[in-house]
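Notes to accompany the following structure.
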Ligand SMILES: C[S@@+](CC[C@H](N)C(=O)[O-])C[C@H]1O[C@@H](n2cnc3c(N)ncnc32)[C@H](O)[C@@H]1O
């Protein structure tokens, strides 16, 4: 992949994540100014995992989003379509049942899960509406969807500073620290192009989910959307 672009070809996205898998979590922490742990905590609290709860973690990467759910006793399946991410995840969390799955065409029966969740992955899928529809299909009636994703800071001056940071500083930091800077330029561009909180909520509703709501984190840098399958 010669440069970051938003015409996402699924194979290119998977290959890009294969390339950064090993150092991904560390870099992610650096680039998010160390806020990822706090964001993860709120996302986990929103999911409210408990023993016996069946949870599908889509685009789970190396399993950082799945591990806290398993620690709470839930039966979580970390899934991803990148072999590189899955391999790094299996090394890091040997007890978790990492499963190869494309979020756009899930290899699971209808109504299999109490909760389907996706952290920092929906933005990367090539067809967001299809991913939301597939998540709905595999969720049990009364089950829930929880999405953590970068979003739009709500305070305008902060939004300006943040956008400048994303477009200028983040790619520079990435170029110095990452073996695959394209992956991080792509990250910055894809965050900027992503729908804001209300627009994403509308798309979740259009995909068939009910009672869609969200919580802003770090002033809206990230939003955690939740919804119910009626
Ligand atoms: C930014 S990582 C997120 C990892 C993890 N959920 C976390 O919170 O740290 C995004 C992941 O989305 C995966 N991904 C992108 N499109 C996908 C798709 N259509 N199906 C499954 N995984 C996908 C990539 O392979 C990558 O591992």
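Derivation of every value follows stated rules applied to the coordinates shown; laboratory data play no part. Only a predicted model underlies this, so the values are computations on that prediction, with no experimental measurement involved.
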Per residue and in Å³, how big is the convex hull formed by the alpha-carbon atoms of the range 105-171?
-> 106 Å³
May I ask you to derive the relative contact order of the chain, considering only C-alpha pairs under 8 Å and at least 6 residues apart, and to give it as an integer percent?
-> 21 percent
Taking max minus min of the Cα coordinates of the range 93-230 on each principal axis, largest first, gives extents in Å of 44, 36, 26
Taking the alpha-carbon centre of each part, the distance from the range 167-201 to the range 50-65 in Å is 24 Å
Estimated D of the chain in µm² per second, where Rh is the Kirkwood radius over Cα pairs and Stokes-Einstein applies at 37 °C, 0.692 mPa s | 186 µm²/s
